[in-house]
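Remarks on the structure that follows.
The values are calculated or read from the model by the stated rules, or taken from the named source; none is laboratory data. Everything quoted here is computed from the prediction, not taken from an experiment. As a convention, Cβ positions derive from the backbone with ideal geometry for all residues, glycine included, and neighbour counts pool all protein chains shown. Heads up: the accessible areas ignore ligands, DNA and RNA and are worked out on the full protein's heavy atoms, side chains in. Shrake-Rupley method; radii C 1.70, N 1.55, O 1.52, S 1.80 Å.
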Amino acid sequence: MRNEPIGKVFALMLLGVMLIVWSGCGDSDEPLVKAETPSEPEELTSDTPIPVTLTGSLKGEVEKIVGVQFNIRLLQDGTVVSSVEADADGNYRIDNIAPGVYTVQMTARGYEAVEQTVQIHADDVALLDRVALKALEIPVPHIQGRLLNQATKQPLDRARLQLLDETGNVREVLTNETGAFEFENVPAEQQLTLIIDTDGFERQELPIPPIPAGEIATVDVELVRLPRFRGLLSDHITKQPLAGFLLQLIDEAGNVHEATTRGTGLFAFEGLPAGQRFTLLINHEKYEKQELLIDPIPAGEVAITEVELVPLDRDQLPVGEGLEVGTKAPDFRLPDGDGKIHALADYAGQNKVVLVFDRGNW
Amino acid sequence: MSSDDLADTRRAVDRAKRRFGADIRFPVLSDAERLTIAAYNATDPFNAQLARPITYIIDERGVIRWKFLDIRVGDRIPSAEIINELEQL
(Lines give C-alpha, C1' and ligand atoms only; values in the text may rest on other atoms or scores of the structure.)
Protein backbone atom coordinates (compact mmCIF):
# COMPACT_ATOMS: atom_id res chain seq x y z
CA MET A 1 0.00 0.00 0.00
CA ARG A 2 1.18 3.45 -0.77
CA ASN A 3 0.07 6.28 1.41
CA GLU A 4 -0.94 9.54 -0.12
CA PRO A 5 1.62 12.24 0.63
CA ILE A 6 0.25 14.95 2.83
CA GLY A 7 1.70 18.19 1.65
CA LYS A 8 1.00 21.82 1.40
CA VAL A 9 -2.16 22.51 -0.52
CA PHE A 10 -2.09 25.22 -3.12
CA ALA A 11 -5.43 26.89 -3.48
CA LEU A 12 -6.35 29.16 -6.29
CA MET A 13 -9.73 30.72 -6.67
CA LEU A 14 -10.79 32.57 -9.72
CA LEU A 15 -12.60 35.61 -8.52
CA GLY A 16 -16.06 36.02 -9.91
CA VAL A 17 -16.97 38.96 -12.03
CA MET A 18 -19.24 41.46 -10.35
CA LEU A 19 -22.69 41.36 -11.84
CA ILE A 20 -24.21 44.47 -13.24
CA VAL A 21 -27.96 44.46 -13.44
CA TRP A 22 -30.12 46.94 -15.16
CA SER A 23 -33.84 46.71 -15.16
CA GLY A 24 -36.08 46.58 -18.18
CA CYS A 25 -38.30 49.33 -19.48
CA GLY A 26 -41.93 49.57 -20.47
CA ASP A 27 -41.68 48.74 -24.14
CA SER A 28 -42.20 45.03 -24.48
CA ASP A 29 -39.74 44.84 -27.38
CA GLU A 30 -36.92 46.06 -25.16
CA PRO A 31 -34.98 43.27 -23.51
CA LEU A 32 -34.80 42.99 -19.76
CA VAL A 33 -31.39 41.97 -18.53
CA LYS A 34 -31.08 40.10 -15.29
CA ALA A 35 -28.48 38.27 -13.34
CA GLU A 36 -28.53 34.53 -13.27
CA THR A 37 -30.18 33.09 -10.18
CA PRO A 38 -29.53 29.79 -8.48
CA SER A 39 -33.05 28.66 -9.29
CA GLU A 40 -32.39 28.68 -13.01
CA PRO A 41 -31.79 25.31 -14.58
CA GLU A 42 -28.15 24.62 -15.28
CA GLU A 43 -28.73 22.67 -18.47
CA LEU A 44 -29.33 24.35 -21.77
CA THR A 45 -32.80 23.90 -23.10
CA SER A 46 -33.50 22.95 -26.67
CA ASP A 47 -36.25 21.58 -28.82
CA THR A 48 -33.81 19.63 -30.88
CA PRO A 49 -34.71 15.98 -30.48
CA ILE A 50 -31.93 13.83 -29.15
CA PRO A 51 -31.15 11.29 -31.83
CA VAL A 52 -31.63 7.73 -30.67
CA THR A 53 -28.48 5.75 -31.33
CA LEU A 54 -27.50 2.29 -30.29
CA THR A 55 -24.71 2.28 -27.77
CA GLY A 56 -22.54 -0.20 -25.99
CA SER A 57 -20.87 -0.52 -22.60
CA LEU A 58 -17.62 -1.61 -21.14
CA LYS A 59 -16.63 -2.97 -17.79
CA GLY A 60 -13.44 -4.07 -16.15
CA GLU A 61 -11.48 -4.26 -12.95
CA VAL A 62 -8.36 -2.71 -11.48
CA GLU A 63 -6.58 -4.70 -8.83
CA LYS A 64 -7.79 -3.30 -5.51
CA ILE A 65 -5.37 -1.29 -3.39
CA VAL A 66 -6.77 -0.15 -0.08
CA GLY A 67 -7.02 3.63 0.15
CA VAL A 68 -6.36 4.24 -3.54
CA GLN A 69 -9.01 5.73 -5.81
CA PHE A 70 -8.76 4.65 -9.44
CA ASN A 71 -9.92 6.96 -12.20
CA ILE A 72 -11.04 5.38 -15.46
CA ARG A 73 -11.12 7.56 -18.57
CA LEU A 74 -12.42 6.68 -22.00
CA LEU A 75 -10.63 8.46 -24.83
CA GLN A 76 -11.28 8.64 -28.54
CA ASP A 77 -8.73 10.28 -30.81
CA GLY A 78 -7.00 11.68 -27.73
CA THR A 79 -10.12 13.32 -26.36
CA VAL A 80 -11.75 12.20 -23.13
CA VAL A 81 -15.36 11.27 -23.84
CA SER A 82 -16.29 9.77 -20.50
CA SER A 83 -14.80 9.14 -17.08
CA VAL A 84 -15.79 7.22 -13.97
CA GLU A 85 -14.27 6.21 -10.67
CA ALA A 86 -13.77 2.55 -9.88
CA ASP A 87 -15.67 1.29 -6.84
CA ALA A 88 -14.01 0.21 -3.59
CA ASP A 89 -13.29 -3.24 -5.10
CA GLY A 90 -11.72 -1.76 -8.23
CA ASN A 91 -14.65 -2.54 -10.53
CA TYR A 92 -15.85 -0.04 -13.08
CA ARG A 93 -18.45 0.22 -15.83
CA ILE A 94 -19.15 2.85 -18.48
CA ASP A 95 -22.44 2.84 -20.40
CA ASN A 96 -23.90 4.72 -23.38
CA ILE A 97 -20.77 4.56 -25.49
CA ALA A 98 -21.15 5.07 -29.23
CA PRO A 99 -19.73 2.12 -31.20
CA GLY A 100 -16.06 2.58 -32.14
CA VAL A 101 -12.51 2.11 -31.01
CA TYR A 102 -11.44 3.71 -27.74
CA THR A 103 -8.54 3.90 -25.38
CA VAL A 104 -9.30 3.13 -21.75
CA GLN A 105 -6.94 4.86 -19.36
CA MET A 106 -6.71 3.62 -15.78
CA THR A 107 -4.84 5.78 -13.34
CA ALA A 108 -4.47 6.76 -9.70
CA ARG A 109 -2.42 9.19 -7.68
CA GLY A 110 1.13 7.88 -7.36
CA TYR A 111 0.61 5.01 -9.82
CA GLU A 112 1.62 4.55 -13.44
CA ALA A 113 -1.30 4.86 -15.81
CA VAL A 114 -2.26 1.81 -17.85
CA GLU A 115 -3.98 2.07 -21.21
CA GLN A 116 -5.94 -0.54 -23.12
CA THR A 117 -7.61 -0.37 -26.51
CA VAL A 118 -11.19 -1.54 -26.74
CA GLN A 119 -13.73 -1.97 -29.53
CA ILE A 120 -17.25 -1.00 -28.51
CA HIS A 121 -20.21 -2.60 -30.31
CA ALA A 122 -23.83 -1.55 -30.09
CA ASP A 123 -25.91 -3.46 -27.55
CA ASP A 124 -22.84 -5.17 -26.22
CA VAL A 125 -20.70 -5.01 -23.10
CA ALA A 126 -16.97 -5.09 -23.74
CA LEU A 127 -15.04 -6.82 -20.97
CA LEU A 128 -11.54 -5.61 -20.20
CA ASP A 129 -8.81 -7.66 -18.56
CA ARG A 130 -8.08 -7.07 -14.92
CA VAL A 131 -5.07 -4.81 -14.56
CA ALA A 132 -2.71 -3.98 -11.73
CA LEU A 133 -1.24 -0.51 -11.46
CA LYS A 134 2.40 -0.12 -10.55
CA ALA A 135 3.45 2.46 -7.96
CA LEU A 136 5.67 5.27 -9.19
CA GLU A 137 9.17 5.25 -7.85
CA ILE A 138 9.32 8.93 -7.11
CA PRO A 139 6.64 11.16 -5.62
CA VAL A 140 4.86 13.46 -8.05
CA PRO A 141 2.36 16.28 -7.56
CA HIS A 142 -1.35 16.21 -8.33
CA ILE A 143 -4.00 18.79 -9.05
CA GLN A 144 -7.57 18.58 -7.84
CA GLY A 145 -10.43 21.03 -7.80
CA ARG A 146 -14.03 21.86 -8.51
CA LEU A 147 -15.69 23.77 -11.28
CA LEU A 148 -18.74 25.84 -10.42
CA ASN A 149 -21.06 28.28 -12.10
CA GLN A 150 -19.98 31.62 -10.67
CA ALA A 151 -23.51 32.95 -10.30
CA THR A 152 -25.40 29.90 -9.09
CA LYS A 153 -22.55 28.02 -7.38
CA GLN A 154 -23.91 24.90 -9.06
CA PRO A 155 -21.32 22.30 -10.14
CA LEU A 156 -20.52 22.06 -13.84
CA ASP A 157 -20.78 18.42 -14.84
CA ARG A 158 -18.83 16.89 -17.76
CA ALA A 159 -16.89 20.08 -18.39
CA ARG A 160 -13.61 19.55 -20.22
CA LEU A 161 -10.34 20.74 -18.67
CA GLN A 162 -6.88 20.63 -20.19
CA LEU A 163 -3.55 20.91 -18.46
CA LEU A 164 -0.62 22.15 -20.49
CA ASP A 165 2.92 21.59 -19.19
CA GLU A 166 6.18 23.30 -20.15
CA THR A 167 7.02 20.66 -22.74
CA GLY A 168 3.73 21.19 -24.57
CA ASN A 169 2.10 17.98 -23.34
CA VAL A 170 -1.63 18.26 -22.87
CA ARG A 171 -3.64 16.17 -20.40
CA GLU A 172 -7.41 16.20 -20.47
CA VAL A 173 -10.04 15.34 -17.88
CA LEU A 174 -13.78 15.80 -17.37
CA THR A 175 -15.54 17.02 -14.27
CA ASN A 176 -17.90 14.65 -12.49
CA GLU A 177 -21.45 15.38 -11.31
CA THR A 178 -20.13 17.34 -8.31
CA GLY A 179 -17.95 19.48 -10.59
CA ALA A 180 -14.82 17.79 -9.23
CA PHE A 181 -11.81 17.09 -11.42
CA GLU A 182 -8.39 15.62 -10.91
CA PHE A 183 -5.08 15.56 -12.78
CA GLU A 184 -2.97 12.82 -11.27
CA ASN A 185 0.79 12.56 -11.54
CA VAL A 186 1.59 15.91 -13.14
CA PRO A 187 5.19 17.07 -13.70
CA ALA A 188 6.84 18.50 -10.61
CA GLU A 189 8.33 21.98 -10.50
CA GLN A 190 6.92 23.01 -13.87
CA GLN A 191 4.83 26.01 -14.79
CA LEU A 192 1.47 24.57 -15.82
CA THR A 193 -1.55 26.11 -17.51
CA LEU A 194 -5.10 25.00 -16.83
CA ILE A 195 -7.37 25.62 -19.82
CA ILE A 196 -11.13 25.48 -19.35
CA ASP A 197 -13.20 25.89 -22.48
CA THR A 198 -16.70 24.63 -21.91
CA ASP A 199 -19.84 25.49 -23.86
CA GLY A 200 -21.73 28.53 -22.67
CA PHE A 201 -19.02 29.80 -20.33
CA GLU A 202 -16.14 32.20 -20.61
CA ARG A 203 -12.91 30.47 -21.56
CA GLN A 204 -10.28 30.51 -18.82
CA GLU A 205 -6.53 30.00 -18.94
CA LEU A 206 -5.13 29.82 -15.44
CA PRO A 207 -1.41 29.69 -14.71
CA ILE A 208 -0.60 27.08 -12.09
CA PRO A 209 2.67 27.82 -10.26
CA PRO A 210 5.18 24.97 -10.05
CA ILE A 211 4.01 22.33 -7.57
CA PRO A 212 6.64 20.53 -5.46
CA ALA A 213 6.85 16.74 -5.82
CA GLY A 214 4.40 14.85 -3.67
CA GLU A 215 2.09 17.75 -3.06
CA ILE A 216 -1.48 18.46 -4.11
CA ALA A 217 -2.65 21.73 -5.59
CA THR A 218 -6.32 22.50 -5.19
CA VAL A 219 -7.72 24.72 -7.90
CA ASP A 220 -11.34 25.67 -7.47
CA VAL A 221 -12.68 27.65 -10.38
CA GLU A 222 -15.89 29.57 -10.81
CA LEU A 223 -16.82 30.19 -14.42
CA VAL A 224 -18.82 33.14 -15.62
CA ARG A 225 -21.60 32.16 -17.95
CA LEU A 226 -21.58 33.84 -21.34
CA PRO A 227 -24.53 36.13 -22.08
CA ARG A 228 -27.83 34.54 -22.95
CA PHE A 229 -30.82 35.98 -24.70
CA ARG A 230 -34.24 34.48 -24.19
CA GLY A 231 -37.73 35.48 -25.05
CA LEU A 232 -41.24 34.79 -26.19
CA LEU A 233 -42.45 35.13 -29.76
CA SER A 234 -46.16 35.63 -30.37
CA ASP A 235 -48.68 36.86 -32.92
CA HIS A 236 -49.41 40.55 -32.44
CA ILE A 237 -53.13 40.10 -33.04
CA THR A 238 -54.02 36.76 -31.54
CA LYS A 239 -51.29 36.81 -28.88
CA GLN A 240 -50.80 33.12 -29.59
CA PRO A 241 -47.22 31.79 -29.26
CA LEU A 242 -45.45 31.15 -32.55
CA ALA A 243 -43.69 27.78 -32.64
CA GLY A 244 -41.00 26.60 -35.03
CA PHE A 245 -39.93 30.09 -36.06
CA LEU A 246 -36.26 30.63 -36.89
CA LEU A 247 -34.66 33.61 -35.17
CA GLN A 248 -31.26 34.96 -36.09
CA LEU A 249 -29.09 37.03 -33.80
CA ILE A 250 -26.25 38.79 -35.58
CA ASP A 251 -23.34 40.07 -33.50
CA GLU A 252 -21.02 42.95 -34.32
CA ALA A 253 -18.55 40.62 -36.03
CA GLY A 254 -21.31 39.44 -38.36
CA ASN A 255 -21.59 36.01 -36.78
CA VAL A 256 -25.10 34.63 -37.00
CA HIS A 257 -26.48 32.78 -33.96
CA GLU A 258 -29.69 30.87 -34.59
CA ALA A 259 -32.52 29.66 -32.39
CA THR A 260 -35.93 28.16 -33.11
CA THR A 261 -39.01 28.80 -31.02
CA ARG A 262 -40.53 25.88 -29.15
CA GLY A 263 -44.20 24.99 -28.90
CA THR A 264 -44.57 27.57 -26.17
CA GLY A 265 -43.12 30.28 -28.42
CA LEU A 266 -40.03 30.49 -26.22
CA PHE A 267 -36.59 30.88 -27.73
CA ALA A 268 -33.10 30.86 -26.23
CA PHE A 269 -29.69 31.94 -27.47
CA GLU A 270 -26.86 30.65 -25.29
CA GLY A 271 -23.16 31.39 -25.10
CA LEU A 272 -23.24 34.76 -26.82
CA PRO A 273 -20.23 37.06 -26.98
CA ALA A 274 -20.19 39.59 -24.16
CA GLY A 275 -20.14 43.35 -24.65
CA GLN A 276 -21.53 43.29 -28.17
CA ARG A 277 -24.59 44.84 -29.71
CA PHE A 278 -26.85 42.41 -31.61
CA THR A 279 -29.46 42.58 -34.30
CA LEU A 280 -32.37 40.18 -33.89
CA LEU A 281 -33.80 39.20 -37.25
CA ILE A 282 -37.07 37.33 -37.76
CA ASN A 283 -38.10 36.74 -41.34
CA HIS A 284 -41.21 34.66 -41.91
CA GLU A 285 -43.35 34.55 -45.05
CA LYS A 286 -46.60 35.08 -43.17
CA TYR A 287 -45.39 37.91 -40.95
CA GLU A 288 -43.90 41.32 -41.31
CA LYS A 289 -40.11 41.16 -41.16
CA GLN A 290 -38.85 42.12 -37.72
CA GLU A 291 -35.44 43.61 -36.99
CA LEU A 292 -34.60 44.64 -33.43
CA LEU A 293 -31.44 46.11 -31.98
CA ILE A 294 -30.34 44.39 -28.77
CA ASP A 295 -28.00 46.19 -26.39
CA PRO A 296 -24.87 44.40 -25.17
CA ILE A 297 -25.58 41.76 -22.53
CA PRO A 298 -22.99 41.52 -19.75
CA ALA A 299 -21.33 38.15 -19.12
CA GLY A 300 -23.24 36.00 -16.67
CA GLU A 301 -26.52 37.67 -17.42
CA VAL A 302 -29.58 36.86 -19.44
CA ALA A 303 -31.61 39.33 -21.45
CA ILE A 304 -35.30 38.58 -21.72
CA THR A 305 -37.68 40.02 -24.25
CA GLU A 306 -41.08 39.55 -25.80
CA VAL A 307 -41.47 39.93 -29.53
CA GLU A 308 -44.75 40.17 -31.39
CA LEU A 309 -44.96 39.63 -35.13
CA VAL A 310 -47.51 41.41 -37.28
CA PRO A 311 -49.29 39.05 -39.68
CA LEU A 312 -49.12 40.06 -43.33
CA ASP A 313 -52.07 38.85 -45.38
CA ARG A 314 -55.58 38.43 -44.08
CA ASP A 315 -58.65 37.30 -45.99
CA GLN A 316 -59.87 39.79 -48.58
CA LEU A 317 -63.35 41.09 -47.77
CA PRO A 318 -65.98 42.15 -50.35
CA VAL A 319 -65.73 45.70 -51.73
CA GLY A 320 -66.70 48.34 -49.16
CA GLU A 321 -66.46 46.07 -46.15
CA GLY A 322 -63.10 47.38 -45.10
CA LEU A 323 -59.97 45.47 -44.15
CA GLU A 324 -59.80 42.57 -41.73
CA VAL A 325 -58.86 43.31 -38.16
CA GLY A 326 -55.24 42.26 -37.81
CA THR A 327 -54.30 43.64 -41.21
CA LYS A 328 -51.40 46.03 -41.53
CA ALA A 329 -52.98 49.45 -42.11
CA PRO A 330 -51.87 50.90 -45.47
CA ASP A 331 -49.82 54.05 -45.04
CA PHE A 332 -51.08 57.29 -46.58
CA ARG A 333 -50.05 60.90 -47.01
CA LEU A 334 -53.06 63.17 -47.43
CA PRO A 335 -53.74 66.89 -47.04
CA ASP A 336 -56.21 68.46 -44.66
CA GLY A 337 -58.39 71.40 -45.71
CA ASP A 338 -55.44 73.78 -45.27
CA GLY A 339 -53.16 71.67 -47.43
CA LYS A 340 -51.09 70.39 -44.52
CA ILE A 341 -49.93 66.83 -45.14
CA HIS A 342 -50.70 64.10 -42.61
CA ALA A 343 -49.23 60.60 -42.81
CA LEU A 344 -50.16 57.51 -40.85
CA ALA A 345 -46.45 56.92 -40.38
CA ASP A 346 -46.28 60.13 -38.30
CA TYR A 347 -48.04 58.24 -35.52
CA ALA A 348 -46.11 54.97 -35.77
CA GLY A 349 -44.77 53.77 -32.46
CA GLN A 350 -46.39 56.65 -30.57
CA ASN A 351 -50.18 56.64 -30.56
CA LYS A 352 -53.18 54.69 -31.64
CA VAL A 353 -55.03 56.27 -34.54
CA VAL A 354 -58.78 56.48 -35.02
CA LEU A 355 -59.35 56.64 -38.78
CA VAL A 356 -62.87 57.52 -39.89
CA PHE A 357 -63.99 57.27 -43.52
CA ASP A 358 -67.04 59.36 -44.34
CA ARG A 359 -69.15 60.21 -47.37
CA GLY A 360 -68.18 63.87 -47.24
CA ASN A 361 -70.07 66.59 -49.09
CA TRP A 362 -72.07 64.41 -51.49
CA MET B 1 -61.36 61.37 -44.36
CA SER B 2 -63.57 61.60 -47.41
CA SER B 3 -63.35 61.95 -51.17
CA ASP B 4 -64.02 65.68 -50.88
CA ASP B 5 -61.47 67.94 -52.51
CA LEU B 6 -59.50 70.50 -50.49
CA ALA B 7 -62.09 73.28 -50.82
CA ASP B 8 -65.00 71.08 -49.75
CA THR B 9 -62.93 69.69 -46.88
CA ARG B 10 -62.15 73.24 -45.67
CA ARG B 11 -65.82 74.19 -45.91
CA ALA B 12 -66.87 71.08 -43.97
CA VAL B 13 -64.42 71.97 -41.17
CA ASP B 14 -65.63 75.60 -41.05
CA ARG B 15 -69.23 74.42 -40.94
CA ALA B 16 -68.47 72.09 -38.06
CA LYS B 17 -66.69 74.86 -36.18
CA ARG B 18 -69.70 77.15 -36.52
CA ARG B 19 -72.10 74.40 -35.53
CA PHE B 20 -70.24 73.29 -32.44
CA GLY B 21 -68.69 76.66 -31.60
CA ALA B 22 -65.26 75.06 -31.08
CA ASP B 23 -62.13 74.19 -32.97
CA ILE B 24 -61.77 70.67 -34.37
CA ARG B 25 -58.73 69.08 -32.78
CA PHE B 26 -58.18 66.30 -35.30
CA PRO B 27 -57.21 66.50 -38.95
CA VAL B 28 -59.95 66.18 -41.55
CA LEU B 29 -58.30 64.74 -44.62
CA SER B 30 -59.04 64.98 -48.30
CA ASP B 31 -58.64 61.89 -50.50
CA ALA B 32 -59.99 63.31 -53.72
CA GLU B 33 -58.27 60.63 -55.79
CA ARG B 34 -59.80 57.98 -53.50
CA LEU B 35 -56.58 55.96 -53.43
CA THR B 36 -56.49 55.65 -49.65
CA ILE B 37 -60.22 54.94 -49.59
CA ALA B 38 -59.61 52.06 -52.00
CA ALA B 39 -56.56 50.87 -50.06
CA TYR B 40 -58.74 50.57 -46.96
CA ASN B 41 -61.45 48.79 -48.98
CA ALA B 42 -63.79 51.62 -48.02
CA THR B 43 -65.18 52.40 -51.48
CA ASP B 44 -68.97 52.57 -51.40
CA PRO B 45 -70.13 49.51 -53.40
CA PHE B 46 -73.06 51.55 -54.76
CA ASN B 47 -71.18 54.75 -55.58
CA ALA B 48 -67.49 54.43 -56.38
CA GLN B 49 -67.04 58.21 -55.99
CA LEU B 50 -67.66 58.00 -52.28
CA ALA B 51 -66.26 56.34 -49.21
CA ARG B 52 -68.43 54.05 -47.19
CA PRO B 53 -68.45 55.17 -43.53
CA ILE B 54 -66.03 52.90 -41.73
CA THR B 55 -64.18 53.57 -38.48
CA TYR B 56 -60.85 51.89 -37.77
CA ILE B 57 -58.61 51.85 -34.72
CA ILE B 58 -54.98 51.40 -35.73
CA ASP B 59 -52.45 50.54 -33.03
CA GLU B 60 -48.94 51.88 -32.52
CA ARG B 61 -47.55 49.12 -34.74
CA GLY B 62 -49.76 50.22 -37.61
CA VAL B 63 -52.10 47.24 -37.30
CA ILE B 64 -55.88 47.49 -37.56
CA ARG B 65 -57.17 46.35 -34.19
CA TRP B 66 -60.88 47.22 -34.47
CA LYS B 67 -63.33 48.44 -37.08
CA PHE B 68 -66.94 49.46 -37.35
CA LEU B 69 -69.01 49.46 -40.55
CA ASP B 70 -71.93 51.87 -40.65
CA ILE B 71 -74.90 49.94 -41.96
CA ARG B 72 -77.37 52.74 -42.67
CA VAL B 73 -76.89 56.29 -43.89
CA GLY B 74 -76.59 58.58 -40.89
CA ASP B 75 -75.93 55.68 -38.55
CA ARG B 76 -72.60 56.62 -36.95
CA ILE B 77 -70.96 54.96 -34.01
CA PRO B 78 -70.98 57.16 -30.88
CA SER B 79 -67.59 58.58 -29.83
CA ALA B 80 -68.02 57.00 -26.38
CA GLU B 81 -67.97 53.54 -27.98
CA ILE B 82 -64.79 54.32 -29.86
CA ILE B 83 -63.15 55.56 -26.65
CA ASN B 84 -64.30 52.43 -24.89
CA GLU B 85 -62.67 50.28 -27.58
CA LEU B 86 -59.48 52.33 -27.36
CA GLU B 87 -59.32 51.73 -23.63
CA GLN B 88 -59.71 47.99 -24.11
CA LEU B 89 -56.81 47.68 -26.53
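When the residues of the range A:339-362 are filtered to those that are more than 7 Å from chain B (Cβ to nearest Cβ) and of a type in the set (D, E, K, R), the one that is farthest from B:Asp59 (Cα to Cα) is A:Lys340.
When B:Asp23, B:Asp4 are checked against the criterion of being more than 25 Å from B:Phe68 (Cβ to Cβ) and either touching a Lys or Arg at 6+ places or on another chain (Cβ under 7 Å) or not in a helix (DSSP H, G or I) (or both), a single residue qualifies: B:Asp23. Within the range A:317-332, the set of residues being touching a Leu at 6+ places or on another chain (Cβ under 9 Å) and surrounded by fewer than 17 Cβ atoms within 10 Å (Cβ to Cβ) comprises A:Leu317, A:Glu321, A:Glu324, A:Pro330, A:Asp331.
Residues that are open to solvent by 50 Å² or more (accessible area, probe 1.4 Å), in contact with a strand residue (DSSP E or B) (Cβ under 7 Å, 6 or more places away or on another chain) and not hydrophobic (A, V, I, L, M, F, W, C) were ranked within the range A:244-267; the one that is modelled with the lowest pLDDT is A:Thr264.
Filtered by the rule that a residue be more than 7 Å from chain A (Cβ to nearest Cβ), part of a loop (DSSP other than H, G, I, E, B) and surrounded by 16 or more Cβ atoms within 10 Å (Cβ to Cβ), the range B:49-76 gives a lone residue, B:Asp70. Restricting the first member to the range A:197-212 and to residues that are at negative phi and free of Cβ contacts under 8 Å to residues at least 12 places away in the same chain, and the second to residues that are of a type in the set (D, E, K, R) and open to solvent by 50 Å² or more (accessible area, probe 1.4 Å), the beta-carbon pairs closer than 9 Å and six or more apart or on different chains are A:Arg203/A:Asp197.
Against the list (1) more than 7 Å from chain B (Cβ to nearest Cβ); (2) over 30 Å from A:Phe201 (Cβ atoms), the condition A:Thr327 fails is (1). Quick one: how many residues across the range A:197-243 are open to solvent by 20 Å² or more (accessible area, probe 1.4 Å) and closer than 22 Å to A:Thr178 by Cα? The qualifying residues number 13.
Which one is nearest to the chain's Cα centre (by Cα) among residues in the range A:171-196 that are part of a strand (DSSP E or B), over 30 Å from A:Glu301 (Cα atoms) and in contact (Cβ under 8 Å) with a residue 24 or more places away in the chain? That would be A:Phe183.
Restricting to the range A:222-236, count the residues that are among the hydrophobic types (A, V, I, L, M, F, W, C) and assigned to a strand (DSSP E or B). Count: 4. Applying the criterion of at least 2 residues that are exposed (fewer than 15 other Cβ atoms within 10 Å of the Cβ) to the strands (runs of 3 or more DSSP E) found wholly in the range A:268-316 leaves A:290-294.
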